[in-house]
Each structure stands twice: as C-alpha cells, then as structure tokens.
Amino acid sequence: MPTPAVPPPPPVPAVRPGTPAPAPRPGAIPPPDIVRAAYAELVVTDPAASREFYVDLLGLVVTHEDEDAVYLRAFEEYLHHSLVLRRGESPALAALAYRVRSPGEVDAAERYYRALGVPVERRAAGATRGIGPAVRVVDPLGFPLEFFYAAEHVPRLHQSYDLHGAGAIARLDHFNIVVPDVARAERYYRDLGFRVTEDIRGADDTLYASWLHRKDTVHDIALTGGDGPRLHHIAFSTHERGQVLHVCDLLGARRRSAHIERGPGRHGVSNAFYVYVRDPDLHRVEIYTTDYYTGDPDHPVLSWDVRDNQRRDWWGNPVVPSWYAEASTVLDLAGKPQPVFAREENSEAEVTVGADGFSFARDASPQVGPST
C-alpha cells in the first residue's frame, strides 16, 4: 500500500526587525509621552442593566455611581476608574483615554493636536469624575481620545482576596478600533510613539490589522481593517486561563450564555487566551490573558499571513461573522455620531472566510496516523 502524501506544515509568521517609533522631524511639534491605555467611556441605554453585567457577571468594582453614570475598576487598579458607563439614548463610544507621563504632557497633547488641525477641547479637573485636567480631541482617524495625567487614587484591591471571585479581572489592557485604512492608522499611531508588535498582511503586502503598544505588553491599541471609525472592543486582563473560563462558566450557570460571542480560545496573534462577550448594548468586551513581554528596544515584529486561520484562533476555529461585521458607533466631542467610511481594500473576512469559515492553514495541517 503506498504511503500517503503528507502535506507541508502550515506557514509560521514572518519575523521582521522591530519598528521603533520614528523620531520627530526637525521643527515638528513632539507628541505627548503616552504611558498606556487608561480608561474607556461608553454610552449605555440602561445603566442598571449594564451595571449588573459588568459588576455581577464580570466582577468589576464600583468606585462611584449616580443617576447618570457608573465608574468601574478592576482589582489591580488604583486610579479612580478604567471604565465609565454613561447613560444615553443610543449605545456609543464617548472616549478612549490614555494616561501621559507628567502634567506637562497634557499641554503637549493640546499643542500636538492643535497643530494637526483637529477638534480639541481642554477639560478642567473633575469634568470626568476622578480625572484631573485633560485634553479631549477627535483624532485624525475620527476617534474621541482623552489625554490626562492627574487622577484620584483609590484603594488597590489586588490582595483583597476575600473580595475576588474565581474570575477576578486584574486591569484594563487595550482598545481595538476599526479603521478603513490600517496603514494610515498605523503611521498615525507610530508618529504618536507607539511600536508595532504584530500585524496581518496579504501576499500583496496589504495591511489588514496591526497591534501597537506603549506599555510593555503586546498592545495598548489594535487596528482592525473595516468600515470605520468604530470601536471593536475594549479588553480586560486576568492572570490565569482559569479565570477566563470561569467567566464562561458563570454566564452559563446564570443562563446568560447568549452574552458569549466568541471563544474561549487562544489567539495566534498575541498568544492570548480569550473570550469575547457582548454587554446589554452589544458593546464588545474581551477577557484576556497570557500575552508576552515586549519591552526590549529591538523587539521583533511578527507578520501573519491573512490566509492563515491560526492568526485569529490558534486552534483553527472559525471566527463568527458578527466579530468581523459588528462594532460600536463613536461620537465626536459634541456627542454626535461620527460618519462611517467604507474600507476600500478587501477585509480579512472577504479574503479568508469561505462557506466553512476556514482557510488554507487547516487544510495544510499534517495528517495524524495512517489513512484508511
């Protein structure tokens, strides 16, 4: 009996030299020195229902609440909040906030964005509860960003184990946004001082997605190609895979498994163990763990082939269509929805998702054992 042909193993991500942030051009106004992703402000239609989801199911801690908003944080966090749920008529993103390295960097943010000619709003201390003087802008990609340094400190609960549930969330990790032109968005974030860790490219070098960081993890911001500007998700980190699984078990036990959109699984990109859930307003939240250290100055960039289905799920599971198609509206500084522009290049879903949801990497996997 002839020995069956064994297909070649699937390709591995290409490793390229690291991409340090470009040095400011002579005479250019330098960008603010950003430390990390710090908090998100979401507009929700029913704060009580959202509170129940984020506190009773996901386990976040309430720092403050009133008739119009709930301020939440995770167990490691000592700033006033990492998530604001604000009452409104329609679900939307009101702001993504970055903490900067010093009070003077707030002024630097104002100078930088005024030079770019985009809308800029100076905010007094307390305009957002618990946050000091800040600058809010609509950035060149159409997203409402806030830059702040000063913030109210609250008790860090990382050793209050009597308060931790089995799925205890440690901290806010990153934002993921949907943009029509990923290459343009990557250049903008690199100009802000972010560094690329991983990306997804096609054979023609089309850039489909990019992950960039300021803190020493895989990312503070991810860029997903699609119609935008829209918010794809915010992500919170846990310390262990079991905590991610416990979130799934809890949702099942409460008969709330419809909140689970995708996973649990492991990403190829970032190596993270994850589950994606949708809140009562369909804002997407990722619970995430086990990515890796990126702080060395020569950290290489991993480039994934867009046709390799292990990029999005290391186990080769297909991505549900809603994960590619659906995302949250974003607002301008006046609270009005931003117009959404279509992506002109193909999306990942158009390139990779066939009738069965799979691409070549699964078909190219070696056979296990003899064929019959």
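The values are calculated or read from the model by the stated rules, or taken from the named source; none is laboratory data. Since this is a predicted model, take the numbers as computed values, not measurements. Glycine also receives a Cβ, built like all others from the backbone with ideal geometry; neighbour counts cover every protein chain displayed.
Summary table below
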{"quantity": "Test for His246: is it touching a residue at least 24 places away in the same chain (Cβ under 8 Å), surrounded by fewer than 23 Cβ atoms within 10 Å (Cβ to Cβ) and assigned to a helix (DSSP H, G or I)", "calculated": "yes"}
{"quantity": "Wholly enclosed strands (runs of 3 or more DSSP E) of the stretch 96-164 bearing at least 3 residues of a type outside the set (D, E, K, R) and either modelled with pLDDT of 95 or more or touching a helix residue (DSSP H, G or I) at 6+ places or on another chain (Cβ under 8 Å) (or both)", "calculated": "134-138, 144-148"}
{"quantity": "Condition met for His232 (of a type outside the set (A, V, I, L, M, F, W, C), touching a strand residue (DSSP E or B) at 6+ places or on another chain (Cβ under 7 Å), touching a residue at least 60 places away in the same chain (Cβ under 8 Å) and assigned to a strand (DSSP E or B))", "calculated": "yes"}
{"quantity": "Matching option when the condition is part of a loop (DSSP other than H, G, I, E, B) and surrounded by fewer than 23 Cβ atoms within 10 Å (Cβ to Cβ), among Glu52, Glu67", "calculated": "Glu67"}
{"quantity": "Lone unmet requirement of (1) on the phi > 0 side of the Ramachandran plot; (2) touching a Leu at 6+ places or on another chain (Cβ under 8 Å) for Ile260", "calculated": "(1)"}
{"quantity": "Subset of the stretch 279-311 (residues that are over 14 Å from the mean Cα position of the chain (by Cα) and of a type in the set (Lys, Arg))", "calculated": "Arg307, Arg311"}
{"quantity": "In the stretch 215-228, residue surrounded by the most Cβ atoms within 10 Å (Cβ to Cβ) [restricted to those that are over 10 Å from the mean Cα position of the chain (by Cα) and within 17 Å of Phe194 (Cβ to Cβ)]", "calculated": "Val218"}
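The rows are residues; the columns are (1) loosely packed, with under 14 Cβ neighbours inside 10 Å; (2) touching a Cys at 6+ places or on another chain (Cβ under 7 Å); (3) of a type outside the set (S, T, N, Q); (4) touching a residue at least 12 places away in the same chain (Cβ under 8 Å).
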| residue | (1), (2), (3), (4) |
| --- | --- |
| Ala94 | no, no, yes, yes |
| Val100 | no, no, yes, yes |
| Glu110 | no, no, yes, yes |
| Tyr113 | no, no, yes, yes |
| Arg122 | yes, no, yes, yes |
| Ala127 | no, no, yes, no |
| Ile131 | no, no, yes, yes |
